[in-house]
1. Mind telling me which of the residues GLY325, GLY346, GLY362 ends up being open to solvent by 20 Å² or more (accessible area, probe 1.4 Å), within 11 Å of ligand 1 (Cβ to nearest atom) and farther than 17 Å from HIS255 by Cα?
2. When only residues in the range 365-380 that are among the hydrophobic types (A, V, I, L, M, F, W, C) and surrounded by 22 or more Cβ atoms within 10 Å (Cβ to Cβ) count, which is farthest from ligand 2 (Cβ to nearest atom)?
3. Checking VAL149 against (1) closer than 25 Å to ILE59 by Cα; (2) open to solvent by less than 90 Å² (accessible area, probe 1.4 Å); (3) in a helix (DSSP H, G or I); (4) out of contact with any strand residue (DSSP E or B) (no Cβ under 9 Å at 6 or more places or on another chain), which test does it fail?
4. Suppose we filter LEU334, LEU349, LEU304, LEU285 for residues that are within 15 Å of ligand 2 (Cβ to nearest atom) and touching a Cys at 6+ places or on another chain (Cβ under 8 Å); which single one remains?
5. Can you name the residue in the range 285-308 that is of a type in the set (S, T, N, Q) and within 11 Å of ligand 1 (Cβ to nearest atom) and is also modelled with the highest pLDDT among such residues?
6. Out of LYS344, LYS359, I need the residue that is over 22 Å from GLU245 (Cα atoms), part of a helix (DSSP H, G or I) and more than 12 Å from ligand 2 (Cβ to nearest atom). Which one?
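The values are calculated or read from the model by the stated rules, or taken from the named source; none is laboratory data. In this text, all values refer to a predicted model and were calculated from it rather than measured experimentally. Using ideal geometry, Cβ is built from the backbone for each residue, glycine included, and neighbour counts are taken over all protein chains shown. For the accessible areas, the whole protein counts, side chains as well, though only heavy atoms, and no ligand, DNA or RNA atoms are used. Shrake-Rupley method; radii C 1.70, N 1.55, O 1.52, S 1.80 Å.
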Amino acid sequence: MENKKSLLILSSSAAIIACISFPIKVGNGILFDLRLVAQIFGSLYGGPIAALVLALVNILYRSLFDGIGVINTLVVAPIHLIGLLFVRRWFLQRSIKQKVFYSFLIGIFSTIITLAAVRWVSGIGIPIKLALQYALIQSIVLCLIIYVVEVIQKLWNVQNKIFQAQKMETVSQLAASISHEVRNPLTSVKGFMQLLQETALNDNQKNYLDISLSELDKAVKVIEDYLAFANPNPMDGIEALNVEEEIQRITQVLHPLANKSSIRMEVETSTIHIMGNQQYFSQCLVNICKNAIEAMEEHSSGILVIKTIKQKQEAVISISDTGIGMSKEEVSRLGEPYYSTKGKNGTGLGMMFVYNCIKEMGGSIQVESEKGNGTKFVIRLPILYPAKLEKTDQAS
Ligand code: ADP
Ligand code: MG
């Protein structure tokens, strides 16, 4: 992410420098160039720092040359900087079509500002035909660049999604093959062992058989758990759940783990009902909290805060830790199958399960994290209304 921004700043700066170095002479000593296209594009997509750097590059590099354009740039570049910082957030949230349309308008505005500044600074009036040509060329070039960049970005996102889906498929296939290849033989082994139990055996043999059977049960449980991780179907067996009860239940499970690392748990909940599969939902919460505890293991006196509130039509569950935190790139990889930074201690399946589950439950997850400063997961789920709650009670 940071690399991408640096690259954007560098390439836009290079474009500004190239434009200033090789302007187009249009007679009467008037010089035209397209450096503002680079400044506008870089500022919109690069953010405040990029915008500031590009405005400075524009002003400083132009000041190396003579001419009235130096003062003109001193006026025009800061106006663009401020204006673009104002509109960039709004602009970036538009659809591709809207972006192309608004970038055309920005190009026209930019031309008007530039020509007004030329007139104000030097008193030179640009002929209307020339002004129109400049406005059109600048706006169309800006539109085209933004269109191409947006389309490439969209293609890249789609490709990324396909890649993720393929990875998911591999996980599911693996799960399915484990199910067939391993679970079935285990079941027949168990059957034969049970038959053996019925034959005449001495105490020692009976004991060995009991241990083998219980170990076999454990193995089956591990495989079933893995299946649940890899291929969750959280809408199987859904019921009305009280978020408060679920959180109390999981905090009991997590207490020993938190105590071991001297982590304090603060829990603030109230009764909110949602619909979901109880086992899957509590597994989601456990996975998030376990990661939070693991992120605080190295820190002394970590705090895990779990809060729930009812907001409009949603149950909002926030789980925050004071652990190692994540960079933006790490946050964007959460939920990817096998993505883990814990080496042999991690599976990289926990968050994948969480994301799948919450998505299937009609909810969303938002992550705020800062390297070294902790992480906050905010889960939003649709609440169950009292009327519906009564119905589900009657049904069960
Ligand atoms: P695992 O815990 O097995 O590594 P997960 O899917 O549970 O796999 O998590 C994936 C990765 O996300 C972790 O390895 C860790 O790098 C990161 N992560 C998840 N939650 C947190 C958190 N609260 N703080 C810091 N990093 C986290
Ligand atoms: Mg985990």
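1. GLY346
2. Filtering first and then ranking leaves ILE379.
3. Exception for VAL149: condition (1).
4. LEU304 is the lone residue from the list that is within 15 Å of ligand 2 (Cβ to nearest atom) and touching a Cys at 6+ places or on another chain (Cβ under 8 Å).
5. Top of the filtered list is ASN291.
6. Exactly one of LYS344, LYS359 is over 22 Å from GLU245 (Cα atoms), part of a helix (DSSP H, G or I) and more than 12 Å from ligand 2 (Cβ to nearest atom), namely LYS344.
Per-residue answers, yes or no, for (1) small (Gly, Ala, Ser); (2) in a loop (DSSP other than H, G, I, E, B); (3) more than 6 Å from ligand 1 (Cβ to nearest atom); (4) assigned by TED's automatic domain parsing to the domain that holds TYR280:
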residue	(1), (2), (3), (4)
LYS310	no, no, yes, yes
SER318	yes, no, yes, yes
SER332	yes, no, yes, yes
GLY335	yes, yes, yes, yes
TYR339	no, yes, no, yes
TYR355	no, no, yes, yes
